[in-house]
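Undergrad: Pasting in a structure now, in structure tokens, and then I'll have a few things to ask.
What follows draws every value from the coordinates through simple rules; no lab data is involved. This is a predicted model, so every value here is computed, not measured. Reconstructed Cβ throughout: ideal geometry from the backbone, glycine too, with neighbour counts over all protein chains shown.
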Amino acid sequence: MEHLTETPTFKAPAARFTGDVHLDVIETPAEPARLAAALVRFTPGARTNWHRHALGQVLHITDGVGLVGTRDGDIVRVRAGETVKCPAGEEHWHGAIDTGPMAHLALVVGDGNGDGTTWLEPVTDEQYATALLAVDN
């Protein structure tokens, strides 16, 4: 058994996120286990870049309200207690709504070469605004 009493918090890299996002890394992929887990906290309007995961991702919302969007235009509003499963290879993004913060647990099974995430371009302000409108209707 390993008991961790502290999890360091660090600011997420600007190359992968828009706005202020903070990460508490809970677990990193290490053989033989391949789980990557983090608590990710988004300030209002903050979001990930577009990205995909080789083996998929599970997001469990712990606080606030957020959005998860896919390349085909699907947008879901997520709230504390809800879970979203993103299948392997699906390009998506997630973040907080513009009026409040959001936090989620991000769970990924690594592919043997890290966490299997491929980071892409930022979600534009226009794409984000369109997503906000889509869930307000």
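Undergrad: In Å, the Kirkwood hydrodynamic radius of region 52-137 over pairs of distinct alpha carbons?
TA: On the way: mean 1/r = 0.0749 Å⁻¹.
Computed over Cα pairs of region 52-137, the Kirkwood hydrodynamic radius comes out at 13.3 Å.
Undergrad: What residues have an amide H closer than 5 Å to that of D111, excluding those fewer than 5 places away on the same chain, when H is modeled at 1.01 Å from N in the peptide plane?
TA: Here G116 satisfy the definition.
Undergrad: Quick one: check the C-alpha center-to-center distance for region 29-60 versus region 61-110, whole angstrom.
TA: Here the answer is 10 Å between Cα centres.
Undergrad: If you don't mind, there's one more thing I want to ask. Taking region 58-137, which trypsin sites (Lys or Arg not before Pro) meet the DSSP loop condition and have no more than 15 other C-beta atoms within 10 Å? Don't skip to the end; give the middle numbers.
TA: On the way: sites: R71, R77, R79, K85; in loops: R71.
Those that pass, being in a loop and sparsely packed, are R71.
Undergrad: In debye, nearest 20: dipole of the chain around its Cα centre with unit charges on the Cβ of K, R (+) and D, E (-)?
TA: Working: 10 positive and 19 negative charges, 14 e Å.
Dipole of the chain, to the nearest 20 debye: 60 debye.
Undergrad: Which of the GluC sites (Glu not before Pro) found in region 36-130 are in a DSSP loop and have at most 11 neighbouring Cβ atoms, other than their own, within 10 Å? Intermediate results must be reported in sequence, preceding the final value.
TA: Details: sites: E82, E90, E91, E126; in loops: E82, E90, E91.
Nothing satisfies the criteria.
Undergrad: While we're here: Tilt of helix 125-136 relative to the longest C-alpha principal axis of the chain, in degrees (0 to 90, nearest 10)?
TA: Value to nearest ten degrees: 80.
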